[in-house]
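Heads up, the thing below is written out as structure tokens.
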Amino acid sequence: MTTLDPRTTALILIDLQRGILPYAGGPRSGEEVVATAKTLADRFRASGAPVVLVHVGFTPETMPSQTVDRPSLPAEGTPPAFSELVPDLRQPGDIVVLKHHWGAFTGTDMDLQLRRRGVRTVVIAGISTNMGVESTARSAWELSYDVVIAEDACASRSTELHAFAIEHIFPLFSRVVASGDIELPA
């Protein structure tokens with residue numbers, strides 16, 4: 001078991017939204033990730049720990065402008081429903097963060113929102129393991145948060161990409177656990 005203090009821990013769910021769910025190719029589907037994430041979020045809410053719902057959206061004005069070998073975003077931005085959080089995920093009191101980069105800390109007020117609540121540990125899950133989740137986890141570690149990855153509440157484009165991040169990247173700056181092994185005592 002991984003015992004965390006609900007007074008200083010937050011759950012961060014990455015990109016559980018209409019436009020990202022179809023990209024979950026392994027090791028589990030987007031629907032499976034959402035179901036596990038909802039259960040985990042309910043446990044955090046019941047313990048009084050904050051839940052942060054991060055979604056990504058781009059307009060032509062907010063598109064990253066760097067030159068890359070393989071652009072993954074349409075130049076015209078994303079369709080309107082792309083950024084909508086999955087139904088029944090958001091609950092009263094949740095913190096919602098709109099990001100315009102892979103990571104949820106860059107260009108947002110998430111660090112401020114967490115620090116004002118006394119958060120020192122973050123549990124991160126979502127889609128895609130090796131993009132939004134990994135980028136957010138790296139930034140969290142660089143900002144001196146203790147980082148926990150809820151492995152069974154993550155998915156990537158493929159099982160291989162997910163496994164590489166879980167086995168080789170995350171252990172360098174986080175603890176990787178099953179969501180059911182996270183304990184939030186009163």
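The values are calculated or read from the model by the stated rules, or taken from the named source; none is laboratory data. Small disclaimer: the values here were computed from a predicted structure and weren't measured. Ideal geometry is used to build each Cβ from the backbone, glycine not excepted, and the neighbour counts take in all protein chains shown. Please note that ligands, DNA and RNA were not included when accessible areas were found on the heavy atoms of the full protein model with its side chains. Shrake-Rupley method; radii C 1.70, N 1.55, O 1.52, S 1.80 Å.
Computed values, structure above
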quantity: Residue count for the range 99-111, restricted to those that are farther than 18 Å from D146 by Cβ and open to solvent by 10 Å² or more (accessible area, probe 1.4 Å); calculated: 7
quantity: Count of residues meeting criterion [free of Cβ contacts under 8 Å to residues at least 24 places away in the same chain and either touching a Cys at 6+ places or on another chain (Cβ under 7 Å) or charged (D, E, K, R) (or both)] in the range 1-60; calculated: 2
quantity: Boolean, P171 is free of Cβ contacts under 8 Å to residues at least 12 places away in the same chain and either in a strand (DSSP E or B) or surrounded by fewer than 19 Cβ atoms within 10 Å (Cβ to Cβ) (or both); calculated: yes
quantity: Subset of the range 114-129 (residues that are under 11 Å from the mean Cα position of the chain (by Cα) and either open to solvent by less than 10 Å² (accessible area, probe 1.4 Å) or free of Cβ contacts under 8 Å to residues at least 60 places away in the same chain (or both)); calculated: V122, V123, I124, A125, G126, I127, T129
quantity: Residue in the range 63-85 that is modelled with pLDDT of 95 or more, open to solvent by less than 50 Å² (accessible area, probe 1.4 Å) and touching a helix residue (DSSP H, G or I) at 6+ places or on another chain (Cβ under 8 Å) present; calculated: no
quantity: The range 151-168 - residue that is assigned to a helix (DSSP H, G or I) and among the acidic types (D, E) and, of those, farthest from A41 (Cα to Cα); calculated: E160
